[in-house]
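*Asks:* My questions all concern the structure below.
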Amino acid sequence: GAVVSQHPSRVICKSGTSVKIECRSLDFQATTMFWYRQFPKKSLMLMATSNEGSKATYEQGVEKDKFLINHASLTLSTLTVTSAHPEDSSFYICSASGQTPVVNEQFFGPGTRLTVL
Amino acid sequence: SQQGEEDPQALSIQEGENATMNCSYKTSINNLQWYRQNSGRGLVHLILIRSNEREKHSGRLRVTLDTSKKSSSLLITASRAADTASYFCATARAGGTSYGKLTFGQGTILTVHP
């Protein structure tokens with residue numbers, strides 16, 4: 001099956017700092033990666049969609065200057081939470097899709113828990 | 001916005017019983033998928049049913065889809081304590097700029113008591 005990894009799995013940072021989260025597709029080329037946010041006991045909310053080599057498309061209400069997304073290669077996308085504040089504390093999950101193994105099916109990473117003090 | 005609504009929000013059953021979770025959605029879809037999430041972990045893909053399918057089985061899982069009612073159900077038969085998790089439905093919209101995007105339901109928290 002398709003494997004997607006995220007790094008780090010858990011990060012704690014001070015308010016005002018920036019945090020970078022990596023999402024990698026390990027055994028397939030991901031033409032599209034998605035970033036989700038999940039609050040405790042809540043559902044996943046799509047934040048943005050990124051296509052390799054182009055700018056990310058953000059969902060309504062998501063600040064693109066706050067959540068910087070880069071999809072520089074077919075196996076890596078990064079989400080940078082800039083000037084993090086306690087309200088940015090959340091579980092961030094990425095997913096990746098491509099032409100293989102199943103066209104356009106999303107494969108999810110294990111998530112990154114961000115805690116901003 | 002989250003278009004998927006799931007019920008019940010929480011379900012508590014004994015091991016061996018069946019668990020049924022329902023999902024409703026609002027727009028035309030390409031397919032509907034069910035995922036499981038253990039506490040604090042990532043999503044595990046369970047099953048995908050396409051808009052032209054009505055029922056699908058995978059092991060102890062049975063999924064139905066009624067596009068006229070815009071609803072789906074997930075049945076887990078002979079539940080086990082290890083099935084304890086949150087279950088989410090997710091719809092992939094048909095066509096347009098939303099192609100490929102998934103919209104998740106609110107989820108059902110299933111607890112299976114040994």
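*Asks:* By a straight-distance test (C-alpha under 29 Å), which lysines pair with A:Lys66 as possible cross-link partners, with residues fewer than eight away in the same chain excluded?
*Replies:* A:Lys14, A:Lys20, A:Lys41, A:Lys42, A:Lys55, B:Lys101
*Asks:* Treating only the Cβ of Lys, Arg, Asp and Glu as charged (+1, +1, -1, -1), what charge dipole size does segment A:1-95 show about its Cα centre? Round to the nearest 20 debye.
*Replies:* 220 debye
*Asks:* Right, something else. Output the peptides B:13-26, A:36-49 sorted from most to least packed, where packing is the average of other Cβ atoms within 10 Å over each peptide's residues.
*Replies:* Taking the mean over residues of other Cβ atoms within 10 Å, the ranking is A:36-49, B:13-26.
*Asks:* Could you give the C-alpha radius of gyration of segment B:64-114 expressed as a fraction of 2.2 N^0.38 Å, taking N as the number of residues it contains?
*Replies:* Computed over Cα atoms of segment B:64-114, the ratio equals 1.45.
*Asks:* Per Stokes-Einstein, at 10 °C and 1.306 mPa s, what whole-number D in µm² s⁻¹ belongs to the protein assembly as shown, with the Kirkwood radius over Cα pairs as the hydrodynamic radius? Before the final figure, lay out each step's value.
*Replies:* On the way: Rh = 18.1 Å.
My calculation gives 88 µm²/s for D.
*Asks:* Name every cysteine in the protein assembly as shown that ends up alone, with no second cysteine's Cβ under 4.7 Å, or say none.
*Replies:* So far as the 4.7 Å Cβ criterion goes, A:Cys13 stand without a partner in the protein assembly as shown.
*Asks:* Which value, in debye to the nearest 20, gives the size of the charge dipole of the protein assembly as shown about its Cα centre, when Lys and Arg are +1 and Asp and Glu are -1 at the Cβ?
*Replies:* Dipole magnitude for the protein assembly as shown comes out near 120 debye.
*Asks:* Between segment A:29-106 and segment B:38-79, what is the C-alpha centre distance in whole Å?
*Replies:* When both Cα centres are located, 25 Å separates them.
*Asks:* For chain A, take the convex hull of the Cα atoms, compute a quarter of its surface area, and give me that in nm², please.
*Replies:* The number I arrive at for chain A is 6.7 nm².
*Asks:* On to the next question. Go through A:Cys13, A:Val81, A:Ile69 and say which Cα lies farthest out towards the positive end of the charge dipole of chain A; charges sit on Cβ, +1 for Lys and Arg, -1 for Asp and Glu.
*Replies:* A:Cys13
*Asks:* Oh, and also: Please tell me the relative contact order of segment B:1-96 in percent, rounded to the nearest whole number, where contacts are Cα pairs under 8 Å and at least six residues apart. Before the final figure, lay out each step's value.
*Replies:* Working: 190 pairs, mean separation 35.4, N = 96.
Across segment B:1-96, relative contact order equals 37 percent.
*Asks:* Report the semi-axes of the equivalent ellipsoid for chain B in whole Å, largest first, where each axis is √(5λ) for an eigenvalue λ of the Cα gyration tensor.
*Replies:* Three semi-axes, in Å: 24, 14, 12.
*Asks:* Treating only the Cβ atoms of Lys and Arg (+1) and Asp and Glu (-1) as charged, compute the dipole magnitude of segment B:1-52 about its Cα centre; round to the nearest 20 debye.
*Replies:* Once rounded to the nearest 20, the dipole reads 300 debye.
*Asks:* Just need the relative contact order of chain A here, percent rounded to a whole number, with Cα pairs under 8 Å and 6+ apart. Mind dumping the intermediate values first?
*Replies:* Working: 304 pairs, mean separation 43.3, N = 117.
This gives 37 percent for chain A.
Values quoted throughout were computed directly from the atomic coordinates according to the rules given, and no laboratory measurement underlies them. Small disclaimer: the values here were computed from a predicted structure and weren't measured. FYI the Cβ positions are ideal-geometry reconstructions off the backbone, even for glycines, and counts take in every protein chain you see.
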